[in-house]
Structure formats: C-alpha cells, structure tokens
C-alpha cells in the first residue's frame with residue numbers, strides 16, 4: 001500500500017454491538033421494511049474483543065461503541081470494562097440515544113468510560129415523539145443530567161438538523177452549550193432513507209452557522225489526533241462548545257480517519273459505500289489473526305483509493321443506518 005503523505009492516519013473504529021433500537025427515528029431507516037438480524041449472526045462480546053485487539057495492532061487507538069442502541073444489549077458495561085484493557089486501544093467512547101442512560105450511567109462510569117455522545121434533535125416533547133416515534137424525551141434529559149453529575153466528559157449532544165421539523169430550535173439547542181458543559185454538534189441530514197425525504201428536510205450547515213452569528217465569534221477548538229469529522233468551536237461565555245458535521249455541504253472524505261464494524265462482523269471502509277469485508281467468517285472458522293489483520297489492512301487500502309470521492313445525494317450506504325452502526 002502506497003502512503004499518501006496528505007492522507008489522515010486511520011486510527012478510529014466505530015464498533016456496533018447490536019442492530020436493535022428502542023427508538024424509531026425517521027432519518028434512520030424504513031422501519032416497516034426492517035428485519036432484525038438473528039441473534040446468532042451478531043458477534044459475541046468475546047469476538048468483538050478479539051477484533052478490537054487485532055485493530056489495535058494495526059494502529060486503531062480509538063473505539064466508539066454504537067448500535068442500533070448499544071445500551072439495549074445486556075452485559076455492555078462488563079464488555080466496556082474489558083475493552084478498556086485491550087492493548088493499543090487508548091480511548092473508548094459510546095454513542096447512545098440516552099433513553100437508558102440515567103439507569104446505566106453509574107455502571108458505565110465505573111468501567112472507565114468518560115466520552116459519551118447523546119442523540120437529541122429537539123427540546124420539545126411532542127416533537128421528540130414525532131421524530132423518534134417514542135415518548136422518551138424526559139428520560140433523555142434525565143440521562144444527560146445524570147451523566148453530567150457523574151463527571152462524564154466530554155458529553156456531546158448530536159443534533160441532526162431537519163428543515164421544517166426542528167430548524168426553528170437551532171438557537172435554543174446551541175444555548176445548551178452556554179448553560180452546560182456540553183458539546184452541541186449540529187449534523188447535516190444524509191440521504192440514508194429516501195431521496196424525497198432528504199431533499200425536503202436537508203438544511204446545509206453554513207446556513208445553520210449563519211443563524212448563530214449573534215452568539216459571538218466562533219473560535220476554533222483544539223483537535224485531537226483521533227477526532228472525528230466535527231469542526232468544534234468555543235464561544236465567549238459558553239461552558240461548552242459547538243460542533244458542525246458537514247458530510248454533504250463540505251464532505252470530509254479526504255480527512256476521514258474511521259472504519260466501521262457492523263454488529264454482524266462486516267468491516268466497512270466508508271459509511272456511504274456498500275463495500276464490506278466479512279470478518280465474521282474467518283473469525284468463526286478460526287482461520288487465524290493474520291488473515292483478519294490482512295482484511296483490516298485491505299479496508300485501509302480501499303479507503304485510501306476512495307478518499308477523494310465526495311458524498312452526493314445519489315450515494316446510499318447499501319443498508320439501513322441501524323444495521324450499519326451510524
């Protein structure tokens with residue numbers, strides 16, 4: 001594999017532990033057509049730990065646990081405790097919808113976990129039900145408060161901006177970072193469900209930033225070596241930060257440092273490309289760590305070849321976000 005001196009170091013693995021979810025967010029998948037994986041197809045925690053160890057050997061140092069909703073899988077806290085001990089893995093993070101966070105936060109904190117992202121697209125209860133299909137708004141707010149009180153940091157709020165649905169709340173959502181030590185991250189809607197729905201509700205983040213100019217100057221925050229695609233900013237008088245993720249209006253394929261592993265053991269070099277490498281088969285046939293390491297390196301090679309490709313509305317990830325791990 002030829003090294004591109006301008007390419008980022010691939011050091012970040014998003015690892016899905018389940019395709020189950022307790023919400024039904026409208027931008028995630030066609031739920032009426034979705035079929036959950038049989039339990040036997042989902043990797044065991046022992047298999048996931050083995051793959052994480054191999055990933056650590058090839059340079060992955062950050063692992064983010066995703067789903068589905070990872071907190072619905074039993075035994076997650078024990079798994080996280082073991083993941084923190086994997087050689088080469090120096091940072092473990094979690095993305096959750098927050099519904100079960102208040103209940104599970106103490107056990108998660110005891111594993112050593114500190115980095116948590118919580119999805120929250122609105123501050124209105126009825127609108128939350130409209131977007132997610134469930135009436136769990138109070139539970140999410142309680143989870144955020146519990147996590148903050150325990151000392152989780154950074155505590156990030158992921159907000160997908162939806163034109164005509166929640167874009168009138170942009171300012172109020174941003175002000176959460178003024179009043180709390182949260183990093184509020186605005187995310188552009190991606191064409192993962194339908195073209196029609198995407199075109200109706202897509203709002204480019206440059207327009208979002210324009211609406212926030214009255215808050216004061218956006219001062220670039222320091223970026224870590226394993227940071228994802230968000231561009232983060234500090235504002236005078238704010239306890240937290242604002243972040244912007246622009247996969248459509250300002251694609252970050254050239255600087256993307258992530259691989260994705262689905263709950264059924266498929267390694268994806270790119271979210272918006274259907275290409276997948278099967279790690280489960282050689283894992284379960286016990287064909288050796290060498291072959292699995294080779295497949296990880298092949299994913300790096302595939303990613304390098306496609307690094308200059310922008311995401312366009314015609315791209316599609318090939319299966320639902322709940323099945324990929326986001």
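Here segment 12-324 carries DSSP beta bridges of which approximately 25% are antiparallel, counting only pairs with both residues inside. The long axis of helix 101-110 is offset from the longest Cα principal axis of the chain by roughly 50 degrees.
Counting every other Cβ atom within 10 Å of each residue's Cβ, 266, 281, 303, 36 order from fewest to most as 281, 36, 266, 303. Annotation for residue 74 and residue 219: the two label points, set 7 Å from Cα along the Cα-Cβ direction, are 5.0 nm apart. A simple spin-label model places the labels of residue 305 and residue 110 4.8 nm from each other, with each point 7 Å out along Cα-to-Cβ. Shown is the FRET efficiency for residue 285 and residue 9, computed with R0 = 41 Å from the Cβ-Cβ distance and rounded to the nearest 0.05: 0.85.
Taking 7 Å steps out from each Cα toward its Cβ at residue 39 and residue 254 produces label points 4.8 nm apart.
With a Förster radius of 45 Å applied to the beta-carbon distance between residue 200 and residue 84, the computed FRET efficiency rounds to 0.60. Take residue 167, project a point 7 Å from its Cα along the Cβ direction, then tell me which residues of segment 191-232 have their backbone nitrogen under 12 Å from it. Counting backbone N atoms under 12 Å from the label point, the list is 199-211.
This ranking places 192, 132 by how few other beta-carbon atoms lie within 10 Å of each, fewest first, which gives 192, 132. Segment 89-121 and segment 172-223 have their alpha-carbon centroids 22 Å apart. Projected over every direction and averaged, the convex hull enclosing the alpha-carbon atoms of segment 156-274 yields 8.4 nm². Taking the chain as a Gaussian network of alpha-carbon nodes connected by springs under 10 Å, the highest mean-square fluctuation of the residues 117, 172, 11 belongs to 172. The Rg/Rh ratio of the chain, with Rg taken over Cα atoms and Rh as the Kirkwood radius over Cα pairs, comes to 0.94.
To the nearest ten degrees, helix 137-150 and the longest principal axis of the Cα atoms of the chain are 70 degrees apart. Within the listed set 81, 228, 290, the residue fluctuating most in the Gaussian network model of the chain (springs between alpha-carbon atoms under 10 angstrom) is 290. Neighbour counting of Cβ atoms within 10 Å sorts the residues 182, 294, 128, 109, fewest neighbours leading, into 294, 109, 128, 182.
None of the figures in this text is laboratory data; all of them are computed from the coordinates on show. Everything numeric in this text was worked out from a predicted model, so none of it was measured. Using ideal geometry, Cβ is built from the backbone for each residue, glycine included, and neighbour counts are taken over all protein chains shown.
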